[in-house]
Amino acid sequence: MNEHTAPATTRPSTRKRYKRIAYGLLGAGILALWIAIALDRFAIGVALYWAGGIGMGLVQRFSPVDLYDERDAAIERKAGRNTMNVFVLGAPGGLVLQESGLVTLPGEFHGAMWTLFAIYVVYGASVLYHKYRT
């Protein structure tokens with residue numbers, strides 16, 4: 001009798017396996033950071049977080065297959081568009097609701113909005129750089 005082997009379609013592809021390894025390393029780094037913060041060992045947590053991020057980058061760089069394809073790029077574009085829409089509509093919407101007296105926003109809201117604004121400025125500068133550098 002032949003041994004039962006799983007069909008090729010049910011096994012995770014090589015691409016998925018390397019993606020799982022890469023994101024697993026990053027997730028482990030994030031988890032290590034949270035645990036280290038809880039144990040009041042911030043510097044160790046940051047080092048472990050960086051190790052996870054570097055490990056993810058190494059897996060992405062040296063894996064034998066491309067980890068991302070056109071579908072991944074399309075998903076990232078849609079997610080980026082949705083995130084921008086939430087920010088562009090949500091920030092002024094929160095301020096209007098506060099001015100109308102319907103909600104009271106915490107002080108952290110304004111700091112968070114400035115942080116998000118700075119992130120989008122960096123993102124926009126990065127897009128322009130990569131768009132016009134060739």
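The values are calculated or read from the model by the stated rules, or taken from the named source; none is laboratory data. Quick caveat: nothing in here was measured; it's all calculated off a predicted structure. Reconstructed Cβ throughout: ideal geometry from the backbone, glycine too, with neighbour counts over all protein chains shown.
Flag: residue 65 matches the condition of being closer than 21 Å to residue 22 by Cα and either surrounded by fewer than 10 Cβ atoms within 10 Å (Cβ to Cβ) or not polar (S, T, N, Q) (or both). The numbered conditions (1) outside any helix (DSSP H, G or I); (2) modelled with pLDDT of 90 or more are all true for residue 67 except (2).
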